[in-house]
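Just below is one structure, and these are the notes that go with it.
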Amino acid sequence: MSSEAPAERMVTPMPEPTGVIGHVVGLIRSKGLRYSMVAAVNVIVGQGLLFALQHWWQPNVANVISVAVSSVPAYYMNRSWVWGKSGKSHMRKEVVPFWAFTIAGLVASTIAITFVQDHTSSKLLILFTQLFVFGVLWVVRFFVLDRLFHVEVFEDDTPDVD
């Protein structure tokens, strides 16, 4: 048996990523959790509405209503909590991009749900279809909105929404 103390190991931390990868990692660290939590709330509200509304309407109609209702709080939660914005919304840099993604998701999910409802009556498959379509757009929207919401506002660039 040796009486020598175990040698201390030097642990070298991994270098922080730089460039585009570094920016993405930093962005996810700083805002990703809050964005994910807002998305989780929106999924619960939107999917709950979609599921409930299918009792009275066809799935594609229920989808339109659930997206229209759940998108309004999602916009304000993202704007204030994720990107730290307050006051008036800027039409070109905040409102239009957010709603463009929402409308794209609404159109894509409604088309997909219409296809699915023609082949099955499974409410769970309808829910999964909407979740999948919006999930893909969710990732893209995070990076696009971050670029737009994080633009410096100058005197001649004031919000134009009352």
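The values are calculated or read from the model by the stated rules, or taken from the named source; none is laboratory data. Model, not experiment: these values are computed from the prediction. Glycine gets a Cβ as well: all are built from the backbone with ideal geometry, and neighbour counts include every protein chain shown.
Here is how the numbers come out for the structure above:
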| item | result |
| --- | --- |
| Some residue of the range 137-153 being in a helix (DSSP H, G or I) and modelled with pLDDT of 80 or more | yes |
| Qualifying residue in the range 110-118 (condition: modelled with pLDDT under 80, crowded, with 19+ Cβ neighbours inside 10 Å and either within 14 Å of the chain's Cα centre (by Cα) or under 19 Å from ASN42 (Cα atoms) (or both)) | no |
| Matching option when the condition is touching a residue at least 12 places away in the same chain (Cβ under 8 Å) and in a loop (DSSP other than H, G, I, E, B), among GLY105, GLY87 | GLY87 |
| Residue satisfying all of: in the range 80-109; exposed (fewer than 15 other Cβ atoms within 10 Å of the Cβ) and of a type in the set (D, E, K, R); nearest to the chain's Cα centre (by Cα) among these | ARG92 |
| Which listed residue is over 18 Å from GLY135 (Cα atoms), at pLDDT 80 or above and among the hydroxyl-bearing types (Ser, Thr, Tyr), from SER70, SER80 | SER80 |
| Number of the condition not met by TRP57 [criteria: (1) more than 17 Å from the chain's Cα centre (by Cα); (2) within 20 Å of PHE132 (Cβ to Cβ)] | (2) |
| Criterion violated by ALA40 - all others in (1) exposed (fewer than 15 other Cβ atoms within 10 Å of the Cβ); (2) touching a residue at least 40 places away in the same chain (Cβ under 8 Å) satisfied | (2) |
